[in-house]
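Input: a single structure, listed below in structure tokens.
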Amino acid sequence: MQLEIHSILPSYFDESKKNLSEVWGKELLIKKGEFIKILAPSGSGKTSLIHFLYGLRKDYTGSILLNERNISSYSPEDWAACRKNNISIVFQDMRLFSKQTVAENIEIKRQLNPYHPAEKIKEMTIRLGIGEKLQSKCETCSYGEQQRVSIIRSLMQPFDFLLMDEPFSHLDDNNSKKAMELIIEESKIRNASIILVNLERVDYFPFSRLLHL
């Protein structure tokens, strides 16, 4: 499994954006198992890139290939299967069901394609310090607690690529490190690639490549 990025550029960016970027307008090959860190200052298209790779937006030039197939040709059914089996994501805005409990939000994802047994939810929430929040509605949780829910939810399924858009923005260093340890552990079990896009360096992420957006 590999991800190819061929000279992509958001349609709302001028061609000159390609000159300073190591992603926009470039040829990139990301193989399964690589840890990629992308430094992306505000206004550089960080969230757009993640949405392009996850198939949520198509307003770009160039092409993105997953296992040598252009994702522009994917049907809704293809994307459903891909997001269930191959690509997981931690959204910047988390996208939790606010009226559902922490346990329900995580279990919904696990049920789509169970990679872990149900008891793993309890184990992971305890590990990240939110074990007592399992029966709390997400709308009553702090942003930091919600972010940990979002991270755990992304680890409930099989994946070859894990996309993360500022996954620790609401966490202190201690909780960020704990979450990162869990993410790396789960990714290595799957021999999966991590693509972490962030405003600043995350020193505790052992990336194999650093790119500037």
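No lab work stands behind these numbers, since they all come straight from the coordinates. On a predicted model such as this, the values are computed, not experimentally measured, just so you know. Here the Cβ is made from the backbone with ideal geometry for all residues, glycine too, and neighbour counts use every protein chain on show.
Of note:
- Using only side-chain charges placed at the Cβ, +1 for Lys and Arg and -1 for Asp and Glu, the dipole size of segment 2-212 relative to its Cα centre rounds to 280 debye.
- Expressed per residue, the C-alpha convex hull volume of segment 87-141 stands at 92 Å³.
- Binned Cα-Cα distances of segment 1-93, short to long, each 5 Å bin given as a whole percent: 3, 12, 24, 27, 21, 10, 3, 0
- Two-decimal Rg to Rh for segment 90-204 - Kirkwood Rh, Cα set: 0.92
- Coupling constants for segment 94-109 follow from the phi torsions by the Karplus curve (6.51 cos²θ - 1.76 cosθ + 1.60, θ = phi - 60°), and in residue order they are 6, 6, 8, 8, 5, 8, 9, 6, 4, 4, 5, 4, 6, 5, 4, 5 Hz; glycine and proline get x.
- Kirkwood-based Rg to Rh ratio, segment 1-156, C-alpha trace: 1.01
- Counting only GluC sites (Glu not before Pro) that DSSP places in a loop and that have at most 11 other Cβ atoms within 10 Å, the longest clean stretch of the chain runs over 69-199.
- Pair-distance distribution of segment 143-213: all C-alpha pairs, bin width 10 Å, starting at 0; shares per bin in whole percent are 18, 58, 24.
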